Structures are given as C-alpha cells and as structure tokens.
1. Just give me the residues in the range 130-150 being crowded, with 16+ Cβ neighbours inside 10 Å and closer than 13 Å to R229 by Cα, in sequence order.
2. Specify which of the listed residues (E26, E35) is touching a residue at least 12 places away in the same chain (Cβ under 8 Å), open to solvent by 60 Å² or more (accessible area, probe 1.4 Å) and assigned to a strand (DSSP E or B).
3. So for the range 22-38 (the condition being closer than 26 Å to D251 by Cα, of a type outside the set (F, W, Y) and within 10 Å of the ligand (Cβ to nearest atom)), does at least one residue qualify?
4. Looking at (1) touching a Pro at 6+ places or on another chain (Cβ under 6 Å); (2) over 20 Å from G239 (Cβ atoms), find the lone condition where F103 falls short.
5. If we scan the range 48-56, do we find a residue that is open to solvent by less than 60 Å² (accessible area, probe 1.4 Å), out of contact with any Pro (no Cβ under 9 Å at 6 or more places or on another chain) and in contact (Cβ under 8 Å) with a residue 40 or more places away in the chain?
6. Give the residues of the range 122-149 that are within 13 Å of the ligand (Cβ to nearest atom) and in contact with a Lys or Arg (Cβ under 9 Å, 6 or more places away or on another chain), sorted by residue number.
7. What is the one condition in (1) surrounded by 17 or more Cβ atoms within 10 Å (Cβ to Cβ); (2) modelled with pLDDT of 95 or more; (3) closer than 22 Å to E259 by Cα that A3 does not satisfy?
Amino acid sequence: MAAETGDSIRVAVTGAGGRMGREVIEAASDRDDCEVSLAVNRSPVDPVAGVEVADAADLPALLAGADPAVDVLVDFTGPDSSVEYVAAAAGAGVACVVGTTGFDDEQEAAIADAADAVPVLRASNFSRGIAALRRAVSAAAAALPGYDVEVTETHHNGKVDAPSGTALTLLDDIEEARPDLDERVHGREGDAPRTDGEIGVHARRAGDIAGEHEVLMAGDENVLELTHRAGSRRVFAAGALDAAAWLAGRDAGAYDFTEVLE
Ligand code: NAD
C-alpha cells in the first residue's frame, strides 16, 4: 500500500554534498509530506539545511539500524555509487528513487535486480516540463515523417556524462516514433554531410546551466523547435520528492516517473 495522504515519509539522501543532494535536502525542508531522516556523502561535508551528513561507507548499517525505518532512498550521485547504494537499500527493504544518469548495461542490470526486492523508480529527468516535452516530441516525430531531427542538450561545466540521460530518453522516444532514424551521430567534424536515418546529437557544457534540451525537426521550408529549460535544479528535486512520496509503501518493482504524474 502506498503511504496514506497526510503521512510524512522518511527519506535518506545520498550524495548529500553534491548539487542535487543538497537541493533535495533543501526542498524537503520546505515540505510537510517528507523529512530527511538520513543523509550521507562519500567525503565529509557540513550539515545541509540543518541535516547532519554521515559517511556513505556506513550507509548499509545506518539503513538497517534506522528506527523508525527509512521509507525511501533518493539517489543523485554517480553510476558506481548508485548501484552500491541501491543494493544497500534493497538489502534493508528500503524503496529507491534514482535520478543518477550515465549507467552502462551491467549497472542498469544491477539496478533492475534491486527492483525484484524493493520498489525502484528511475527517471533521467524529474521535471514535469520534460515529461510534457517527451509527449510533444513523440507526437511531432510521428506527424513529420521524413524530417531531419537533431537533439541538442546544454548543461553546467561539471556534468560528467554526455549526452545527458534526458537526451538519451528523447532519442529513444524519437526512434520509437520514427523507426527509419536509426543512427545517432554525435557532433560533426570535417566532411560530414547528413545521411538518411541519422539523428544529430550535440552536447554543450558551460557555466552553471541546470539543463536545456532542444529537439529540432526540419523539412523543406518548415522547421519545428521544441525546447525545455530548467530554471534551477530545484525543479528536479521537487519531482524526485514527489516520486518518493508516491513510491513509499508500494510493492517491489520498477516504476517510471510518468506513473507519478498520471
Ligand atoms: P555532483 O557532482 O554535484 O554530485 C555528485 C554527488 O555524488 C557528490 O556528493 C559525490 O560525492 C557523489 N558521488 C559521485 N560519485 C561517487 C562515487 N563513486 N562514490 C560515492 N559518491 C559519489 O552531481 P549532480 O549535479 O548532483 O548530479 C548527480 C547525478 O544526478 C548525475 O548523474 C546527474 O546526471 C544526475 N541528475 C539527474 C537529474 C534528474 O532529474 N534525473 C537532474 C540533475 C542531475
């Protein structure tokens, strides 16, 4: 059973010293439906929004010993640590909301395994605007056969993985709606004329940009641009906490952010 309306869930935040970990803790401090009862980071950091941050190496013991128990772990870290933290949560019977991106196939499989034991909700992007963009992109791609499609994403200069997880999700959506587009071309250099079946993919890294995604569809004398800009990371933190509140108390399994929005 999902947590009843009015319940406040207990959340564990990993990567509490990172950009997103901090945002999640700060966003939770403004909400009545959740409280951060545990926060960890791999290196020592000062308290975040009044929450003490423990050593991430102690996470399995802290989850197992938490009384009252943690309801949901919220993870925005890196692929290696995310797999480790989700396994620790699964071992302690704690649900997981995973926002980390950049997993390889083996890491994807490890996260999927955890969903056999506990509820696991993953999203490459926790903003409602991107959920709407995905629907718009799928509809437009299906409505514009033969159009050239290019995807461009822009993020802050500290982002590790490229292209972004959100860009990869949009590419999957486009390829589903346009099966004739089956080759992802990452940037172009030198003699590189466009060929049929190609989707251009471009990743820009600059400053402190929270996240921008643009899908360009162009035919003859006819251009459609669909763009989403996240004004701050707060929007992702809010979506992840909405997901945590929705996920608490559900059956083990893999869940998607679109289910929360529906
Ligand atoms: P960041 O670099 O600011 O923070 C990363 C945190 O993870 C830090 O606390 C760091 O100590 C920890 N970490 C990283 N690798 C680790 C390891 N191997 N072991 C232990 N701890 C480790 O990054 P960020 O901007 O907060 O982004 C974190 C992740 O969230 C990235 O994968 C990013 O793409 C993703 N992200 C997802 C969304 C979404 O909506 N799903 C939004 C923003 C960012």
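The values are calculated or read from the model by the stated rules, or taken from the named source; none is laboratory data. Since we're looking at a predicted model, the values are computed, not measured. Neighbour counts are summed over all protein chains in view; Cβ atoms, including those assigned to glycine, are modelled from backbone coordinates with ideal geometry. All accessible areas refer to the heavy atoms of the entire protein, side chains included, with ligands and DNA or RNA removed. Shrake-Rupley method; radii C 1.70, N 1.55, O 1.52, S 1.80 Å.
1. The initial filter retains those residues of the range 130-150 that are crowded, with 16+ Cβ neighbours inside 10 Å, namely 130-131, 133-134, 137-138, 140-141, 144, 147-150.
I130, A131, L133, listed by residue number.
2. Values: E26 fails: assigned to a strand (DSSP E or B).
Checking each option against the conditions leaves just E35.
3. yes
4. Among (1) touching a Pro at 6+ places or on another chain (Cβ under 6 Å); (2) over 20 Å from G239 (Cβ atoms), F103 violates only (2).
5. Among the residues of the range 48-56, at least one is open to solvent by less than 60 Å² (accessible area, probe 1.4 Å), out of contact with any Pro (no Cβ under 9 Å at 6 or more places or on another chain) and in contact (Cβ under 8 Å) with a residue 40 or more places away in the chain, which makes the answer yes.
6. Result: N125, G129.
7. (2)
This table checks each residue for (1) assigned to a loop (DSSP other than H, G, I, E, B); (2) in contact (Cβ under 8 Å) with a residue 40 or more places away in the chain; (3) buried (at least 23 other Cβ atoms within 10 Å of the Cβ).
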| position | (1), (2), (3) |
| --- | --- |
| D58 | no, no, no |
| A64 | no, no, no |
| V97 | no, yes, yes |
| G102 | yes, yes, no |
| Q107 | no, no, no |
| A112 | no, yes, no |
| N125 | yes, yes, yes |
